Amino acid sequence: MSHLRSTRWRGRALWLGLGALVAGYACEPTVVTRAYLQDFEGERCDGAPCGWERSTGTPEQATWVETIHPGEHALRLSGIVSVRGPGSDVVLVGPDVILQMTARCDPGSNLAVDVIVVDELGTRPLRVDPIAADAWSLTSVTLGGGGDISNSRIAAIALIKTGSTSCEIGEIWVDEVGFGNGLTCS
């Protein structure tokens, strides 16, 4: 009798484990929508990427430069300066919105990012903690806590540079990660 109970328990455990595995797999996001992209390779307006403007600092502190890869460009911010770039008309629905960017900063400098969203609550910045990577690296951050920014759109992207040295930003993009066929996970 105990052998029979042991076999039943192992069978139930197997089915429970398999069910958890399938449920976990079914809750993986399946749709990625690019909501924003700035690669600093487009048109120039007064020597800077079109749509970008300085909020603080001087013109020499925000420049368009060639990166370590010939033919590729970045936005270089030197000293204490902030710039603001254009937004996107894509309406975000979630559940997760992920900001990613490639950047590097010289020692002694930091770079913070505000993703400014607008919705029925008004306009507000979603702050990304400062980065200080001294080599080109990818930063990836989930914005808005998965649902806090649904039905909003990106009004602008603001870059806030502190410290006396330089930071370079090669690319910024925002992806919305969701589920196909209207599915959600609880």
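The rows are residues; the columns are (1) at positive phi; (2) of a type outside the set (Val, Ile, Thr); (3) modelled with pLDDT under 85.
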site	(1), (2), (3)
101	no, yes, no
134	no, yes, yes
146	yes, yes, yes
155	no, yes, no
167	no, yes, no
170	no, yes, no
174	no, no, no
Unique residue being closer than 26 Å to residue 50 by Cβ, surrounded by fewer than 18 Cβ atoms within 10 Å (Cβ to Cβ) and of a type in the set (A, V, I, L, M) when the list is 126, 138, 159, 121: 138
Top-ranked residue in region 76-100 [being part of a strand (DSSP E or B) and in contact with a helix residue (DSSP H, G or I) (Cβ under 8 Å, 6 or more places away or on another chain); ranked as surrounded by the fewest Cβ atoms within 10 Å (Cβ to Cβ)]: 78
Close pairs from region 102-124: first touching a residue at least 60 places away in the same chain (Cβ under 8 Å) and over 17 Å from residue 140 (Cβ atoms), partner assigned to a loop (DSSP other than H, G, I, E, B) and β-branched (Val, Ile, Thr), Cβ under 7 Å, at least 6 apart: 106/165
Checklist (1) touching a residue at least 60 places away in the same chain (Cβ under 8 Å); (2) over 18 Å from residue 177 (Cα atoms) applied to residue 71, failing item: (1)
Qualifying residues in region 53-69 (those that are outside any strand (DSSP E or B) and under 15 Å from residue 168 (Cα atoms)) - the one modelled with the highest pLDDT: 61
Failed item, numbered, when residue 106 is tested on (1) over 16 Å from residue 38 (Cα atoms); (2) within 18 Å of the chain's Cα centre (by Cα); (3) not β-branched (Val, Ile, Thr): (2)
Criterion violated by residue 78 - all others in (1) touching an Asp or Glu at 6+ places or on another chain (Cβ under 9 Å); (2) of a type outside the set (A, V, I, L, M); (3) at pLDDT below 85 satisfied: (3)
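The values are calculated or read from the model by the stated rules, or taken from the named source; none is laboratory data. Small disclaimer: the values here were computed from a predicted structure and weren't measured. Please note: Cβ atoms are built from the backbone with ideal geometry, for glycine as well, and neighbour counts cover all protein chains shown.
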